[in-house]
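Notes for the one structure printed next.
The values are calculated or read from the model by the stated rules, or taken from the named source; none is laboratory data. Given the structure is predicted, the values throughout are model-derived calculations rather than measurements. Using ideal geometry, Cβ is built from the backbone for each residue, glycine included, and neighbour counts are taken over all protein chains shown. These accessible areas exclude ligands, DNA and RNA; they are computed on the full protein's heavy atoms, side chains included. Shrake-Rupley method; radii C 1.70, N 1.55, O 1.52, S 1.80 Å.
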Amino acid sequence: MKQTFSATAIAALMALGASPVAAQTEIQFWHAMGGALGEKVEEIATGFNESQDEFKVVPIYKGNYTETMTAAIAAFRAGEQPHIVQVFEVGTATMMAAEGAVKPVHALMEDADIDWNADAYLPAVRSYYSTPEGELLSLPFNSSTPVLWYNADLLEQAGIEEVPSTWDEMFAAGEALQQIGHDCAFSFGWQSWVMIENYLAWHNEPIGTKQNGFAGLDTELVIDESESLTNLLQRIADSTEDGTFEYGGRRGDSLSLFTSGECAMWMNSSAYYASIKDQAEFAFGQTMLPLNTEAAEEPQNSIIGGATLWVLEGHDDSEYQGVAEFFDYMSRPEVQADWHQSSGYVPITTAAYELSKEQGFYKEEPGTDTAIKQLSLNEPTANSRGLRFGNFVQIRDIINEELEDLWAGNQSAAEALENAADRGNDLLREFEDANS
Amino acid sequence: MKKVTFRHRWLPYLLVAPQIAITLVFFIWPASQALYQSVLRQDAFGLKTEFVGLANFAKLFNDPLYLESFVTTVTYSAMVAGLSMGVALVLAVMADRVVRQATTYRTLLIWPYAVAPAVAGVLWWFLFNPTVGIAAYALDAMGYDWNHYQDGGDAMMLIVIAAAWRQVSYNFLFFLAGLQAIPRSLTEAAAIDGAGPLKRFWTIQLPLLSPTAFFLLVVNVVYAFFETFGIVHATTSGGPGNDTVILVYKVWRDAFEGLNLGSSAAQSVILMGIVIALTAIQFRYIERKVEY
């Protein structure tokens with residue numbers, strides 16, 4: 001009631017005072033950032049709205065990534081689409097294939113005649129969302145990458161002086177922990193992203209043909225062809241027997257295994273920083289993903305997760321002008337640095353990274369630059385710039401299912417990867433048929 | 001019986017029109033849309049549409065995982081209906097005997113029905129969380145290592161409990177009403193003849209409850225088949241492996257996560273067929289055992 005009243009009051013005031021305000025063009029922005037992150041998005045929009053008086057960006061929370069994306073697609077089918085929608089990285093191929101529904105960011109910026117440089121974005125982020133010709137399709141916003149979180153207290157108790165940097169050391173740490181009576185050495189979440197997509201990029205091996213799908217729709221998954229991956233997954237599955245590895249669910253569900261102290265190490269997104277800081281009652285840290293020395297001597301670079309902002313077709317040019325100006329505002333170093341520091345996502349422009357350094361953020365919060373270092377370790381190769389497969393939301397489900405059957409001991413790692421690749425390839429063919 | 005005649009020719013049509021309109025809008029139209037979608041292949045945005053005939057159906061029946069999902073669904077529905085009706089019957093019989101505080105007990109027992117399936121799912125997910133859940137902790141103390149993330153059997157138990165828990169209230173209401181409708185004189189007469197409480201229950205109350213039980217069986221099976229995807233979504237997401245992918249969850253997931261409307265529509269057409277068949281079988285065979 002109170003809210004309705006104040007809303008009416010504001011509306012009345014605006015009507016009274018207002019001819020210049022009434023000329024404002026509204027820009028609808030659908031996003032998937034709940035809680036504190038959502039408030040931060042509101043803050044960014046307010047900052048933009050106050051910086052000029054021609055446009056008004058209205059952010060609307062639409063649920064999780066999947067829900068936001070499907071809501072926008074349903075809205076598009078009904079002709080009610082928002083101007084901007086936040087889409088997670090696995091939805092990239094779907095958005096890209098939707099020619100006529102999506103306005104590429106590089107075209108948007110050109111049309112709006114804004115002096116804006118896509119090179120300001122980190123190569124690892126930019127390349128994920130660019131065409132093979134290097135044209136940026138969507139605006140990078142929140143990107144993260146998996147890191148190795150560790151419980152420093154537990155490792156110290158077990159007499160492990162250096163945090164594991166290879167998989168051999170991970171298993172050795174497991175033995176040391178078990179000698180002091182601690183079962184679980186490590187766990188991980190988002191296993192397709194962390195243990196398959198990123199593992200392969202990290203060791204410079206392909207996930208699929210055609211440059212991981214960047215070069216065409218007739219791509220196939222080759223995850224079953226990596227011997228080192230098969231061996232490692234088998235080794236992990238075998239280690240569930242003595243409890244060295246414990247599986248705790250598909251997305252972030254296994255976070256509690258780490259924060260409760262049950263597992264000493266946890267591999268998942270760098271964006272869990274805020275949650276871990278909030279929940280862990282022990283000294284913790286983050287470091288780079290472990291290397292499998294069987295596969296490579298040096299790590300390549302990890303790939304990102306998270307989301308970007310896509311612009312949908314079907315609105316007036318004057319409105320796109322506003323979208324472009326909003327994007328320009330969001331790309332500013334101070335806006336990006338603030339978003340990075342409060343959210344735990346990586347700084348996605350070089351300038352924001354430099355600014356955060358200058359402001360002393362990484363000295364105050366040691367380890368928070370692990371993700372960005374990992375992403376920019378080397379110039380991305382065809383194997384490590386990312387992936388672009390159609391129907392990938394479903395393919396991740398398939399990978400989850402097959403890996404779960406591996407952890408439960410129902411099949412071997414080789415079988416799990418082969419099944420996942422076969423079933424995934426069926427979906428790739430279906431996507432190819434529907435989009436060509 | 002007195003035959004009703006209408007003086008105006010259009011009045012009867014007018015009176016029945018709202019019902020027909022509702023059926024058209026909420027059943028016939030969506031059902032025909034599903035039929036239409038099931039023979040198409042479309043990209044997510046609906047920009048390209050292609051007629052593929054029965055290819056969506058053929059694909060489903062060549063998919064061993066889809067066929068497995070049938071077994072999962074049947075097992076799951078049987079367990080949900082069995083558990084929720086069994087518990088509800090026991091509670092109803094006990095509540096029927098309570099004289100003091102009867103309304104309080106009744107209110108408490110009906111409460112869970114007001115909880116949305118997704119909320120019920122989250123609640124049970126939390127109780128059975130292997131790391132922090134209190135129920136998992138209790139099981140652990142009893143020597144059972146509960147982990148529904150890894151063990152398909154545990155995951156199945158979890159969704160059965162979560163789905164049945166809510167339905168117990170509904171079943172309880174009907175059983176209680178059914179029990180209270182049984183004339184006291186019947187049970188009293190049996191008691192005078194020397195029948196004990198158990199004997200009275202088996203030979204008098206239960207047979208007289210059979211119409212209620214039959215009705216509830218239909219309702220519960222339909223509930224388990226069609227209304228519980230929220231529970232699966234909130235607790236197990238179909239995992240581990242494919243162990244808790246029931247048909248309706250797969251329909252939802254393929255459409256709303258996979259954006260594959262053709263396959264999802266084909267699946268819902270199949271589901272529609274199943275529920276028609278199921279209802280027919282129930283009325284044709286099981287109803288014969290019911291005494292009205």
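Within the option set A:365, A:379, A:354, A:432, being closer than 30 Å to residue A:27 by Cβ and modelled with pLDDT under 95 holds for one residue only, A:354.
Every listed requirement among (1) outside any loop (DSSP other than H, G, I, E, B); (2) touching a residue at least 12 places away in the same chain (Cβ under 8 Å); (3) out of contact with any Lys or Arg (no Cβ under 8 Å at 6 or more places or on another chain) is met by residue B:288 save one, (2).
Results for (1) touching an Asp or Glu at 6+ places or on another chain (Cβ under 7 Å); (2) at pLDDT below 90; (3) open to solvent by less than 90 Å² (accessible area, probe 1.4 Å), shown as yes or no for each residue.
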residue: B:4; (1), (2), (3): no, yes, no
residue: B:11; (1), (2), (3): no, yes, yes
residue: B:21; (1), (2), (3): no, no, yes
residue: B:36; (1), (2), (3): no, no, no
residue: B:54; (1), (2), (3): no, no, no
residue: B:68; (1), (2), (3): no, no, no
residue: B:88; (1), (2), (3): no, no, yes
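In region A:354-372 there is at least one residue that is closer than 24 Å to residue A:49 by Cβ and open to solvent by 20 Å² or more (accessible area, probe 1.4 Å). The set of residues from region A:373-403 being acidic (Asp, Glu) and open to solvent by less than 20 Å² (accessible area, probe 1.4 Å) comprises A:401, A:402. Taking each residue of region A:84-96 that is touching a residue at least 60 places away in the same chain (Cβ under 8 Å) and looking for partners that are among the charged types (D, E, K, R) with beta-carbon atoms closer than 6 Å, six or more apart or interchain, yields A:92/A:388; A:93/A:388. Could you grab me the full set of residues in region A:410-422 that are part of a helix (DSSP H, G or I), open to solvent by 20 Å² or more (accessible area, probe 1.4 Å) and within 14 Å of chain B (Cβ to nearest Cβ)? Residues satisfying the conditions are A:415, A:419, A:422. Which members of region A:94-111 meet the condition of being away from every other protein chain (no Cβ under 14 Å) and open to solvent by less than 10 Å² (accessible area, probe 1.4 Å)? Within region A:94-111, A:105, A:108, A:109 meet the criteria.
Restricting B:120, B:88, B:81 to those that are assigned to a helix (DSSP H, G or I), in contact with a Pro (Cβ under 9 Å, 6 or more places away or on another chain), under 25 Å from residue B:275 (Cα atoms) and touching a residue at least 60 places away in the same chain (Cβ under 8 Å) reduces the list to B:120. Applying the condition of being outside the structural domain of residue A:92 (by TED's automatic domain parsing) and more than 30 Å from residue A:379 (Cβ to Cβ) to region A:281-323 and asking which residue is surrounded by the most Cβ atoms within 10 Å (Cβ to Cβ) yields A:284.
Out of B:152, B:121, one residue alone is at pLDDT 90 or above and touching a Ser or Thr at 6+ places or on another chain (Cβ under 9 Å). It is B:152.
Being open to solvent by 30 Å² or more (accessible area, probe 1.4 Å), at positive phi and among the small types (Gly, Ala, Ser), is that true of even one residue in region A:73-93? Among the residues of region A:73-93, at least one is open to solvent by 30 Å² or more (accessible area, probe 1.4 Å), at positive phi and among the small types (Gly, Ala, Ser), which makes the answer yes. You will find that of A:246, A:227, A:241, the residue that is charged (D, E, K, R), buried (at least 19 other Cβ atoms within 10 Å of the Cβ) and closer than 22 Å to residue A:402 by Cα is A:246 and no other.
Residues checked against (1) assigned to a helix (DSSP H, G or I); (2) open to solvent by less than 20 Å² (accessible area, probe 1.4 Å):
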| position | (1), (2) |
| --- | --- |
| B:113 | yes, no |
| B:135 | yes, no |
| B:140 | yes, no |
| B:145 | no, no |
| B:160 | yes, yes |
| B:165 | yes, no |
| B:171 | yes, yes |
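Here residue A:216 passes the criteria (1) over 20 Å from the mean Cα position of the chain (by Cα); (2) crowded, with 17+ Cβ neighbours inside 10 Å; (3) away from chain B (no Cβ under 14 Å) except the one numbered (2).
Restricting region B:124-133 to residues that are part of a helix (DSSP H, G or I) and without any contact (Cβ under 8 Å) to a residue 12 or more places away in the chain leaves a set whose member that is farthest from the other protein chains (Cβ to nearest Cβ) is B:127. If the condition is being within 24 Å of residue B:29 (Cα to Cα) and in a loop (DSSP other than H, G, I, E, B), then region B:238-257 contributes only B:257. Note on region B:147-158: residues that are open to solvent by 40 Å² or more (accessible area, probe 1.4 Å) and either closer than 20 Å to residue A:257 by Cα or assigned to a loop (DSSP other than H, G, I, E, B) (or both) amount to 2. Taken together, the criteria exclude residue A:42 from residues that are within 14 Å of chain B (Cβ to nearest Cβ), without any contact (Cβ under 8 Å) to a residue 60 or more places away in the chain and not in a strand (DSSP E or B).
In region B:1-53, the residue that is farthest from residue B:266 (Cα to Cα) out of those that are within 13 Å of chain A (Cβ to nearest Cβ) and among the aliphatic types (A, V, I, L, M) is B:47. Residues that are aliphatic (A, V, I, L, M) and in a loop (DSSP other than H, G, I, E, B) within region A:112-130 comprise A:112, A:114, A:122, listed in sequence order. Taken as a whole, region B:209-217 holds no residue that is without any contact (Cβ under 8 Å) to a residue 24 or more places away in the chain, surrounded by fewer than 21 Cβ atoms within 10 Å (Cβ to Cβ) and assigned to a helix (DSSP H, G or I). When B:259, B:278 are checked against the criterion of being in contact (Cβ under 8 Å) with a residue 12 or more places away in the chain, more than 25 Å from residue B:163 (Cα to Cα) and open to solvent by 20 Å² or more (accessible area, probe 1.4 Å), B:259 stands alone in meeting it.
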